[in-house]
Amino acid sequence: MSVMKRTQEVMIAAAGVVAVSLLFAVHATGERRRRDSVSMGSTSNGSLINGAKLPESGVGFFSNPERPNATAVYGTDELIAALVKAGADVETRAPGARLFINDIGFAEGGPIAHHASHRAGRDADVLFYMLDAGGEVVAPKCIPFDRDGHATWGHGTPNDATDDEQRVFDDQRNWAVVRSLVEGSKARVQRIFVAEWIRARLLRYALEHDEPGWVVERAGDVMCEPSSPHDDHFHVRVFCTVDDYRRGCRDMWPVYPWRRTELAARGLIDPVLSRPRTRGGHRRPSGPPRKTPGRLWCP
């Protein structure tokens, strides 16, 4: 590919991201509108007003038609713009693959099958970038990766190993999407739920490739392993916007020092947080996340 052609593609991608972030949000009716989505309540007990719809495809991303909930393509303006930008950013840094986006939420939020959260437009599931055994890009599938970065795609026939294909975790592109989400200026990422061994793998890759120190540090903070490992996808969660806070949006813990500084600058000194979700009748801990050497657990 010529340098001129590649430069043109990058310019087109950048222009597309700007256009999407400013104009693309769409009502369920399909009418273009101004950016005025509102996330209400918590991610596990909330709703969404004027949700923005993820486009079917664009530069570097693809709305996966095989997602568990076919119509779960709505989120806040900020979340959708961040996902679209992430796809374009990865395409710029490592061309040749697309970000596959799975469930986000319904047009008005609320309960959604297979998820305890995804109810307020601030959660999205993103499949890992992956390669075949020969190092070529292949379409992502929701399959678990082991600690060595390997997975097996069985074509939906678990009892027949004759059609198994090996998959390799794409360190470069998966780090690139984490970096894009962490660097984003509009949507502030609160959590990227992912298996601890994948978190460690990505941070090791970032350090080995001299990625910006503050990005690596923040990525280390926001990536954590929840009660279910998340070894087959990223679960991305963004903070409430300041405007949404004032209309009833509620974040859960943690609120990092850098986030409190941002909120204080907008007049929110002590943001109201949602009470921790309960499981089995026991309230989840509200203090700092549990840590063991080299491991970060989500609270």
A correct Karplus calculation of ³J(HN,Hα) over the stretch 190-201, with 6.51 cos²θ - 1.76 cosθ + 1.60, θ = phi - 60°, whole Hz and x for Gly and Pro, returns 8, 9, 10, 6, 7, 4, 4, 5, 6, 3, 4, 5
If eta is 0.692 mPa s and T is 37 °C, what Stokes-Einstein diffusion coefficient results for the stretch 75-143, Kirkwood Rh from Cα pairs, in µm²/s? 245 µm²/s
Semi-axis lengths, Å, the stretch 79-238, gyration tensor of Cα atoms, sqrt of 5 times eigenvalues: 24, 21, 15
Ascending count of other beta-carbon atoms within 10 Å, so fewest first, for 74, 256: 256, 74
Compute the signed sum of charges (Lys and Arg +1, Asp and Glu -1) over the other residues within less than 9 Å, Cβ to Cβ, of residue 190. +4
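Tally Lys/Arg at +1 and Asp/Glu at -1 over every other residue whose Cβ is under 12 Å from the Cβ of residue 73; what's the total? List each step's numbers first, then the result.
Details: positive: 53, 67; negative: 56, 103, 125.
Local net charge: -1.
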Computed from the mean reciprocal separation of all distinct C-alpha pairs, what Kirkwood hydrodynamic radius does the stretch 39-161 have, in Å? 15.4 Å
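When you count, for each residue, the other Cβ atoms within 10 Å and take the mean per peptide, how do 261-274, 213-226 rank with the highest first? All intermediate terms of the calculation are to be shown ahead of the outcome.
Numbers: 261-274: 12.7, 213-226: 18.1.
Ranked by mean Cβ neighbours within 10 Å, highest first: 213-226, 261-274.
Please compute the net charge surrounding residue 142, taking Lys and Arg as +1 and Asp and Glu as -1 over other residues with Cβ under 13 Å from its Cβ.
Value of the local net charge: -2.
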Among 48, 79, 64, which residue has its Cα positioned farthest towards the positive end of the charge dipole of the stretch 32-91, with +1 placed on the Cβ of Lys and Arg, -1 on the Cβ of Asp and Glu, and the dipole taken about the Cα centre? 48
Given 4 °C, 1.567 mPa s and a Kirkwood radius over Cα pairs, the Stokes-Einstein diffusion coefficient of the stretch 151-268 in µm²/s is 80 µm²/s
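Bear in mind that the values in this text are calculations on the coordinates, not laboratory data. The structure presented is a predicted model; accordingly, all values stated were derived computationally and were not measured. Don't worry about glycine lacking a Cβ; one is built from the backbone with ideal geometry, like all the others, and counts go over all protein chains shown.
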